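Below you'll find the structure, written out as structure tokens, and then a few comments.
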Amino acid sequence: MIKTVVFDIYGTLFDINSVQEKCEKLFPGNGEKIAKAWRHKLIEYTHVRQLVDQYKPFSKVIKDSLEYVLDRNDFDYSLSDVNECVEEYYRLQVFPEVTQSLNDISHIDKVIFSNGNQEMIQKVLKHSNIDSSFKHILALEEFGMYKPNSNGYVLLEERIPYEKQEILFVSSNKWDIVGAQKFGFKTAWINRNFSEFEYIEVEPDFEFQSIYGVKNLM
């Protein structure tokens with residue numbers, strides 16, 4: 001029986017591509033290109049930094065990865081341009097089904113598990129008026145690590161008073177699902193893009209096109 005649902009934020013509850021509008025405004029004709037490359041580089045930076053044990057706050061890596069993309073593509077930009085784009089992470093658009101889906105499982109404890117810090121997580125949750133839906137927030141920036149570091153899932157388990165198999169871990173990020181699955185949590189992969197789960201020897205317990213499907217497991 002599921003007693004707690006753990007949610008990733010970026011790409012799971014909130015649409016990372018919503019930064020595209022601001023990127024397009026500042027760099028006309030290139031918004032989509034910048035937004036996609038920015039997300040890809042952000043994930044790469046966190047994974048490489050984790051592997052070589054060179055932690056940097058996630059909020060700063062967001063900025064670094066954007067600056068790399070702009071420099072690599074020879075865009076003219078100012079510090080103000082960068083800050084405007086980064087600020088969009090505090091105002092990301094929630095996916096359409098999220099608010100109702102959280103209400104549908106209001107009787108279940110819900111936890112946020114993210115690479116970010118408390119400030120940025122609280123702001124983006126409040127921006128979409130879903131902050132009251134969550135009992136706890138575990139922000140890994142406070143502990144100097146990124147997912148899918150196994151120590152992060154240990155910290156998560158320590159803060160939830162239930163057995164691993166009573167915890168459902170929900171994420172749209174394949175590498176996050178792998179980390180949670182290998183640790184022993186039940187996992188639900190949110191496959192919004194109809195892609196394949198190509199990781200060897202690991203499969204999510206459940207797969208949905210949106211988090212609306214999570215309520216069927218309660």
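For the residues ILE43, ILE16, ILE62, the requirement of being touching a strand residue (DSSP E or B) at 6+ places or on another chain (Cβ under 7 Å) and of a type in the set (Val, Ile, Thr) singles out ILE16.
Scanning region 199-210 for residues that are outside any strand (DSSP E or B) and in contact with a Leu (Cβ under 9 Å, 6 or more places away or on another chain) returns a single hit, ASP205. Here region 98-141 is the region considered, the condition is being under 20 Å from MET1 (Cα atoms) and among the acidic types (Asp, Glu), and the residue that is farthest from the chain's Cα centre (by Cα) is ASP104. Tell me, which residue of region 58-72 that is at pLDDT 95 or above and of a type outside the set (D, E, K, R) is nearest to ALA37 (Cα to Cα)? In this case the residue turns out to be VAL69. In the set ASP53, ASP15, ASP8, ASP71, only one residue is of a type in the set (D, E, K, R) and at positive phi; that residue is ASP53.
The single residue among TYR68, TYR55 that is outside the structural domain of ILE9 (by TED's automatic domain parsing), among the aromatic types (Phe, Trp, Tyr) and touching a Gly at 6+ places or on another chain (Cβ under 8 Å) turns out to be TYR55.
Mind checking whether some residue in region 145-160 is in contact (Cβ under 8 Å) with a residue 24 or more places away in the chain and over 27 Å from TYR45 (Cα atoms)? There is at least one residue in region 145-160 that is in contact (Cβ under 8 Å) with a residue 24 or more places away in the chain and over 27 Å from TYR45 (Cα atoms). Give region 78-97 a look and list any residue that's hydroxyl-bearing (Ser, Thr, Tyr) and under 19 Å from the mean Cα position of the chain (by Cα), or say none. Across region 78-97, the qualifying residues are TYR89, TYR90. Residues in region 166-198 that are outside any helix (DSSP H, G or I), of a type outside the set (Gly, Ala, Ser) and surrounded by 14 or more Cβ atoms within 10 Å (Cβ to Cβ): ILE167, LEU168, PHE169, VAL170, ASN173, PHE185, LYS186, THR187, TRP189, ILE190, ASN191, ARG192. In region 133-154 there is at least one residue matching the filter, namely being in a helix (DSSP H, G or I) and closer than 19 Å to GLU97 by Cα. Among residues belonging to region 44-79 that are without any contact (Cβ under 8 Å) to a residue 24 or more places away in the chain and aliphatic (A, V, I, L, M), point out the one that is surrounded by the most Cβ atoms within 10 Å (Cβ to Cβ). Taking the candidates together, the pick is VAL61. Reported count of residues in region 13-23, each being among the β-branched types (Val, Ile, Thr) and surrounded by 24 or more Cβ atoms within 10 Å (Cβ to Cβ), is 1.
The values are calculated or read from the model by the stated rules, or taken from the named source; none is laboratory data. No experiment lies behind these values; they were computed from the predicted model shown. Here the Cβ is made from the backbone with ideal geometry for all residues, glycine too, and neighbour counts use every protein chain on show.
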